[in-house]
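Peer 1: There's a structure below that I have some questions on.
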Amino acid sequence: MTDHDVARLRRDFPILERRVNDRPLVYLDSAASAQAPRQVLEAVDRYRRRHHANVHRGAHTLSAEATEMYEGARARVARFLRAGDPRGVVFTRNATEAINLVAHAYGRHRLREGDEIVVTVAEHHANLVPWHLLAAERGAIVRGVPLGSDSRVDHDALVAAIGERTKIVATYHVSNVLGNLQPLRAVADAAHAVGALFVVDGAQAAPHVPIDVAALGADAYAFSGHKVGGPTGIGALWMRPEVLETLPPFLGGGEMIRRVEVDRSSYADIPMRFEAGTPAIGEAIGLAAALDYLDDVGVEAIWDHDRALARHALARLAELDGVTTYGPEGPDRGGIVPFNVDGVHPHDVASFLDAEGIAVRAGHHCAQPLMHALGVDATARASFWLYTTEAEIDAFVDAVARSRAFFAPLRTAL
Ligand code: PLP
């Protein structure tokens, strides 16, 4: 994308006009939650003003319209994932709920004592804790694959960790800390060779890289609306329909049933079987608008843009004394840059930057095992998206340099 393209796209994001602490907002926290373009805000608003009603059960016009829009959103998600059959798409609250759904509906019924779940040390807690809960209940074992010497998950070790006892392999597509795109096909093949389910946490990939669930060999793919420029409160699980339709419900209630008697019930077909209660209708419609927007911009172009910004940020941060960055370098590195300023707590760095209108995240990024593997408790993290400019990265790096100078006397005093 040219500077002109980015400038044009930025006009779609009203929040980018904001000032924070009397400075123009520099929003470098898109990996936590991306900002929404007006096309999404307008789609949700239009739905609420003109079409809002409960879905699936009404005989009236508004309900039929809302149902059509909601089911249209499901088909849109299926197209986004190149998944074909929309029956494989279940709307959830977020990626976290999507992974929990797999752990409950698949894991609790398929795992036996001594079975194994293979993950990596670089997973987000959303792709660890559901497996811990499952393992504790079923007497299964969670195996974590370490980082290799190049700050990437050791790919060969990941493939080699999959064995006869493996029932689930769950890993990320793009890391929320290392920023890299993980090659998954060989992992999928190894999982399938032993009959294991291959679950992909796509929360950080969906906003940045083209996804083709069949080409990846995924059996399940999870992502969140708020990271792709959509609303919060909506996410999606795609699961191969042949597998999904064999699973029992996760949550029970209205909408997910075929017939209910006072002492028993039978359940609807997929995907309704997994959507108990009134769904997040407007949010699903907003998510579909976000996916339209992403596809209009072009996800390949976004990935190229992210990578160019990451290269620029890493190169400029490398010029600063006393600043450490984490994660690999290379063409697989997207727009996520964790860093630390020597001797300064990342929260202090983030507060310093905030005073200059620059939003970054600080903490363990819901990846405590990875923090341990990197030898730190926490980092600051700058993350970029389609609206991020090189000038913003320069402003950020200059502010990081100033933060080091600002905290230097305090460091010596300690
Ligand atoms: N997986 C990864 C890699 C993430 O970065 C995140 C959120 O930061 C999640 C899962 C969980 O997403 P959510 O909180 O929207 O469920």
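Peer 1: Go through region 101-123 residue by residue and tally those that are within 16 Å of the ligand (Cβ to nearest atom) and either among the aromatic types (F, W, Y) or surrounded by fewer than 22 Cβ atoms within 10 Å (Cβ to Cβ) (or both).
Peer 2: 2
Peer 1: Within region 135-165, track down each residue that is aliphatic (A, V, I, L, M) and surrounded by 13 or more Cβ atoms within 10 Å (Cβ to Cβ). Break it down into steps so the answer makes sense when it comes.
Peer 2: Looking only at region 135-165, we keep the residues that are aliphatic (A, V, I, L, M), and these are 135-136, 140-142, 145, 147, 153, 157-162.
The answer is A135, A140, I141, V142, V145, L147, V153, A157, L158, V159, A161, I162.
Peer 1: Against the condition within 16 Å of the ligand (Cβ to nearest atom) and more than 26 Å from A196 (Cβ to Cβ), how does R93 come out, does it pass?
Peer 2: On the way: within 16 Å of the ligand (Cβ to nearest atom): yes; more than 26 Å from A196 (Cβ to Cβ): yes.
In short, yes.
Peer 1: Looking at region 296-347 only, could you name the residues that are over 23 Å from Y387 (Cα atoms) and among the β-branched types (V, I, T)?
Peer 2: Of everything in region 296-347, those that are over 23 Å from Y387 (Cα atoms) and among the β-branched types (V, I, T) turn out to be V323, T324, V341, V344.
Peer 1: Moving on. Can you tell me which residues in region 364-388 are part of a loop (DSSP other than H, G, I, E, B) and surrounded by fewer than 21 Cβ atoms within 10 Å (Cβ to Cβ)? Let's see the steps before the verdict.
Peer 2: First pass over region 364-388, keeping only residues part of a loop (DSSP other than H, G, I, E, B): 364-367, 375-378, 384-388.
Residues satisfying the conditions are H364, C366, G375, V376, D377, A378.
Peer 1: Inside region 1-117, counting only helices (runs of 4 or more DSSP H) that do not spill past its ends, which hold 1 or more residues that are without any contact (Cβ under 8 Å) to a residue 24 or more places away in the chain and in contact with a Gly (Cβ under 8 Å, 6 or more places away or on another chain)?
Peer 2: Values: elements: 3-10, 38-46, 61-80, 95-102.
Output list reads 61-80.
For (1) farther than 29 Å from Q35 by Cα; (2) among the β-branched types (V, I, T), each residue gets a yes or a no:
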{"site": "A157", "(1), (2)": "yes, no"}
{"site": "A170", "(1), (2)": "no, no"}
{"site": "Q182", "(1), (2)": "no, no"}
{"site": "I211", "(1), (2)": "no, yes"}
{"site": "G230", "(1), (2)": "no, no"}
{"site": "I234", "(1), (2)": "no, yes"}
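Peer 1: Touching a residue at least 12 places away in the same chain (Cβ under 8 Å), within 29 Å of L184 (Cβ to Cβ), crowded, with 18+ Cβ neighbours inside 10 Å and among the charged types (D, E, K, R): does that describe R404? Walk me through how you get there before you give the answer.
Peer 2: Details: touching a residue at least 12 places away in the same chain (Cβ under 8 Å): yes; within 29 Å of L184 (Cβ to Cβ): no; crowded, with 18+ Cβ neighbours inside 10 Å: yes; among the charged types (D, E, K, R): yes.
When the stated conditions are applied, R404 does not pass them.
Peer 1: Across region 356-367, what is the total count of residues that are more than 13 Å from the ligand (Cβ to nearest atom) and under 15 Å from P346 (Cα atoms)?
Peer 2: Step one: filter region 356-367 for residues more than 13 Å from the ligand (Cβ to nearest atom), giving 356-360, 362.
After this cut, where a residue has to be under 15 Å from P346 (Cα atoms) as well, the list is 358-360, 362.
Number of matching residues: 4.
Peer 1: Right, R273: surrounded by 21 or more Cβ atoms within 10 Å (Cβ to Cβ) and out of contact with any Leu (no Cβ under 6 Å at 6 or more places or on another chain) or not?
Peer 2: Working: surrounded by 21 or more Cβ atoms within 10 Å (Cβ to Cβ): yes; out of contact with any Leu (no Cβ under 6 Å at 6 or more places or on another chain): yes.
Here the answer is yes, as R273 does meet what is asked.
Peer 1: Given the criterion more than 23 Å from A308 (Cα to Cα) and at pLDDT 95 or above, identify the matching residue among V209, V213.
Peer 2: That would be V213, the only listed residue that is more than 23 Å from A308 (Cα to Cα) and at pLDDT 95 or above.
Peer 1: Restricting attention to region 124-143, and to residues there that are under 23 Å from A378 (Cβ atoms) and part of a loop (DSSP other than H, G, I, E, B), which single residue is farthest from the ligand (Cβ to nearest atom)? Please lay out each step first, then the result.
Peer 2: So the first thing to find is which residues in region 124-143 are under 23 Å from A378 (Cβ atoms), and the list is 124-129, 132.
Keeping just the survivors that are part of a loop (DSSP other than H, G, I, E, B) gives 124, 128.
Numbers: H124: 3, L128: 10 Å.
Only one residue fits best here, namely L128.
The values are calculated or read from the model by the stated rules, or taken from the named source; none is laboratory data. This is a predicted model, so every value here is computed, not measured. For neighbour counting, all protein chains shown are included, and Cβ atoms are generated from backbone atoms with ideal geometry for every residue, glycine included.
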